[in-house]
Amino acid sequence: MSNEMLEKVIRTTEVGAGGGLLNPEQSDTFIDYMWDTTVLIPQVRTVRMKSDTIEIEKVGVGKRLLKVATEAVDDGTPAGATFSKISLTTTKFRLDFELSTESLEDNIEGADLEDHIARLMATAAGNDLEDVAINADSALTTDPLLKGFDGWSKRAKAGGHVVDHAGGSLDRSAFNKALKAMPRYFMQRRNQLKFFVGSNLIQDYLYSLTDLATTPENIAESMIRTGPVRTEGGAGFVTSYAFGIPVQEVPLFNETQDGTYDTDPGTSGTQLPATTVDHGDLWLTFPKNLLLGVKREIKIAREYKPKKDTIEYTMMCRVGTQIEEVDAFVVVKNIKVSV
């Protein structure tokens, strides 16, 4: 990001107030910077919106569309393909930064400080927005940030295929359950599917691979002992394939969920939910099936606070999530995180 990008809204050599909207090209560049250190968002379909809400056209197809044709006979109305719309609505978010006048005047970065500030703002915003996009739930009352809208996790569990792993560890059976739950017409595109799972669960999975005494080859050895340490690129580890499909680590997945399965059915029918061990989810879907709407009008304001002798930077943006085809989404829930 060049210094020119933010020159209309951030000037480190002047003490005063100012601010404004980035033009579309500047907004696109800033949005790109926001996703540099995120894992899931660069893989999903990002919709750069001009308004707060848009309607997205989608085509739904049944399992079979072909029909037997009879010569010169109209055999009924067309069937199979259906057209519908899904709504993508954004919510407004704010990010605040505050720097002292001394830090701006005495910094050793010189002209590069503007770029540094912009990167800090974009990185912080990107990480928080990925957290919100995954875990947001408008019904929450305890977290003011996550109640902004419904994220992918809630949408997937509400409309997708949900499989209960009943407190088991992440192993091959969990991946197998996910694949079995995916409708067959989406399995036609198996090479485009991807598993997504949190950091602790993927660690448990790799650890379990090293404990398979009967396995002729330690399939995790190269990753754990001899694999190179990645020093560039975005976060998020991609481990070995599960049944031919890559497994992607997403560190911001919520792995502190309480289990909702029954641990003690009892003889009288009394059932107790599992709440003492943390649990997480495993996703199986097409990355581009996840939609992230970002309104292109990003506003960055700058205001001098004389009593504190500081300059406050404020970024405003609007973001929303949607799933294009929820039938192509499988969630395996209640996977235990080992302690």
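Looking only at the range 164-183, residues that are touching a residue at least 40 places away in the same chain (Cβ under 8 Å) and exposed (fewer than 15 other Cβ atoms within 10 Å of the Cβ) come to 3 in all. Among the residues of the range 163-197, those that are of a type in the set (Phe, Trp, Tyr) and assigned to a helix (DSSP H, G or I) comprise Phe175, Tyr185, Phe186. Please find, within the range 184-205, the residue that is nearest to Val277 (Cα to Cα) out of those that are of a type in the set (Phe, Trp, Tyr) and touching a residue at least 60 places away in the same chain (Cβ under 8 Å). This residue is Phe196. With the structure loaded, tell me whether Thr101 is hydroxyl-bearing (Ser, Thr, Tyr), at pLDDT 75 or above, surrounded by 12 or more Cβ atoms within 10 Å (Cβ to Cβ) and more than 22 Å from the chain's Cα centre (by Cα) or whether it fails that test. Spelling it out, Thr101 is indeed hydroxyl-bearing (Ser, Thr, Tyr), at pLDDT 75 or above, surrounded by 12 or more Cβ atoms within 10 Å (Cβ to Cβ) and more than 22 Å from the chain's Cα centre (by Cα).
Inspect all residues belonging to the range 108-124 and state whether any of them is of a type in the set (Asp, Glu), surrounded by 15 or more Cβ atoms within 10 Å (Cβ to Cβ), at negative phi and at pLDDT 90 or above.
So the first thing to find is which residues in the range 108-124 are of a type in the set (Asp, Glu), and the list is 109, 112, 114-115.
From what is left, the residues that are surrounded by 15 or more Cβ atoms within 10 Å (Cβ to Cβ) are 114-115.
With the extra rule that they be at negative phi, the set shrinks to 114-115.
Keeping just the survivors that are at pLDDT 90 or above gives none.
No: the range 108-124 contains no residue that is of a type in the set (Asp, Glu), surrounded by 15 or more Cβ atoms within 10 Å (Cβ to Cβ), at negative phi and at pLDDT 90 or above.
Scanning the range 18-69 for residues that are farther than 20 Å from Thr91 by Cα, part of a loop (DSSP other than H, G, I, E, B) and modelled with pLDDT of 75 or more yields Asp36, Thr37, Val39, Val68, Ala69.
The values are calculated or read from the model by the stated rules, or taken from the named source; none is laboratory data. These numbers come from a predicted model, not from an experiment. Ideal geometry is used to build each Cβ from the backbone, glycine not excepted, and the neighbour counts take in all protein chains shown.
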